[in-house]
Amino acid sequence: MKLQLIKFKCAKCDGEFKAPEIVFDSYGEFLLRSVGNAEEAYLDAFQDKTYEEVDRLLKANPRMIGKKSNLLADILRKNYGAIACDPDSAGNPFQIGIFPKCPFCNSQEMEYWEETEPPQFVEKVVPVVTHTRWSALSDAEKRVKVDEVLSSIA
């Protein structure tokens, strides 16, 4: 897959490095990273019906009634991986919007990031995110899973 190199500056050690990201104009496509481990997985939200399913379940959850659409979208992006995606090889959840690991200190907190000038691209094999655990749940169990994750962030 073709990814764009982005320049990052680490918020912890001020280290500067480049890492691949989904091209900025790719609507509905996400490069998920795991929390702490920074393994990567690809999601095409238009092809992968779990994204829409989780969105629908979040909006129907009593904790989310009356919330503004931009807040709901933020909650979806931050929690979709923990709700519907299989974890990484170490058991860590994936999340949309997680930064890569700093190669100097391993932090995933960035002070800033920007496109390289001129734009630089790389080819990289990124596995498609999987949903084996989610797919094995009944509709009622899926609602419980959504509620469990929401209760942990509230």
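The values are calculated or read from the model by the stated rules, or taken from the named source; none is laboratory data. Because the structure is a prediction, the values reported are computed rather than measured. With ideal geometry, Cβ positions are generated from the backbone for all residues, glycine too; neighbour counts draw on all protein chains shown. Just the protein is used for accessible areas: all its heavy atoms, side chains included, with ligands, DNA and RNA removed. Shrake-Rupley method; radii C 1.70, N 1.55, O 1.52, S 1.80 Å.
The table below lists the values:
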| item | result |
| --- | --- |
| Spatial separation of Cα centroids for the stretch 102-120 and the stretch 15-47, in angstrom | 13 |
| Overall form of the stretch 64-109 per C-alpha gyration tensor (a/c, 1.5; a/b vs b/c) | oblate |
| Listed residues LYS142, LYS101, LYS67, most fluctuating in the chain (Gaussian network, C-alpha, under 10 Å) | LYS67 |
| The chain, relative contact order in percent, only Cα pairs under 8 angstrom and at least six apart counted | 35 |
| Simple spin-label estimate for PHE46 and THR116 in nanometres, 7 Å along Cα-Cβ | 2.7 |
| Lysine pair number, Cα distance threshold 12 Å (strictly under), the chain, separation 8 or more or different chains | 8 |
| Cleavage-rule hits (chymotrypsin sites (Phe, Trp or Tyr not before Pro)) in the stretch 1-84: DSSP loop, at most 16 neighbouring Cβ within 10 angstrom | PHE24, TYR27, PHE46 |
| The chain - accessible surface per residue (Å², probe 1.4 Å) | 57 |
| Accessible carbon and sulfur surface of the stretch 2-152 relative to its total accessible area, %, 1.4 Å | 51 |
| Whole-number D in µm²/s for the chain (Stokes-Einstein; Kirkwood sum over Cα pairs; 25 °C, 0.890 mPa s) | 148 |
| Per DSSP, loop trypsin sites (Lys or Arg not before Pro) in the stretch 1-59 with at most 15 further Cβ within 10 Å | LYS12 |
| Furthest towards positive pole of dipole, PHE17, LEU3, ILE83, structure part the chain, Cβ charges | ILE83 |
| GNM top mover of ASP48, ASP86, ASP25 - the chain, alpha-carbon springs below 10 Å | ASP25 |
